[in-house]
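Okay, so here's the structure we're looking at.
The values are calculated or read from the model by the stated rules, or taken from the named source; none is laboratory data. What you see is a predicted model; the values in this text were computed from it and never measured. We place every Cβ from the backbone using ideal geometry, glycine too, and count neighbours over all the protein chains shown. Side chains included, ligands, DNA and RNA excluded: accessible areas come from the protein's heavy atoms. Shrake-Rupley method; radii C 1.70, N 1.55, O 1.52, S 1.80 Å.
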Amino acid sequence: DLWMTPSEYLLADKGYQLDRHVITPYKGDAARAPANRRFNDYHAVKRVKIEYAFGVLKGRWHSLRGLSIRINTSEEDHERVTKWITACIVLHNMLA
């Protein structure tokens, strides 16, 4: 929460917990309501684009492929991983 402003959020899949900065699709009975179904469809379209971007980065930067396995729960690990991913994105954009 310290690194995000109140107006920033992340789109996550249903495996994550809903949070003030994490938007997940509706689940269970709530997912059947028409408005929620439309939201889930829109959310899914955006998630596909996010997953594609992850795939491109992992294709270029092989060190990102097993990154989720190496992350522990400490704040230092999350900060280190965030910086590593950011560096890969910056380098990718410089080389594109």
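Restricting the GluC sites (Glu not before Pro) of the stretch 1-86 to loop positions (DSSP other than H, G, I, E, B) with no more than 15 neighbouring Cβ atoms within 10 Å leaves Glu8. Per-residue Karplus couplings for the stretch 12-27, computed as 6.51 cos²θ - 1.76 cosθ + 1.60 with θ equal to phi - 60°, are listed in order as 10, 7, 5, x, 9, 8, 5, 8, 5, 10, 10, 9, 10, x, 5, 10 Hz, Gly and Pro entered as x.
Helical runs (DSSP H, four residues minimum) scored at -39500 (n - 2.57) apiece and divided by the length of the chain put the mean residue ellipticity at 222 nm at -18000 deg cm²/dmol. Near Leu11, the amide H atoms lying under 5 Å from its own belong to Ile23; only residues 5 or more places off or on other chains count, and H is placed 1.01 Å from N.
The string of couplings for the stretch 37-45 from the Karplus curve (6.51, -1.76, 1.60, θ = phi - 60°) is 5, 4, 4, 4, 5, 5, 4, 5, 4 Hz, one whole number per residue in order, with x for Gly and Pro.
Per residue, the chain exposes 81 Å² of solvent-accessible protein surface, assessed with a 1.4 angstrom probe and all protein chains in place. Compared with the dominant principal axis of the Cα atoms in the chain, helix 75-95 is inclined by about 80°.
Rounded, prolate or oblate for the chain? Axes are the square roots of the Cα gyration tensor eigenvalues, ordered a ≥ b ≥ c, and the cut-off for rounded is a/c under 1.5. Cα axes put the chain in the prolate bin.
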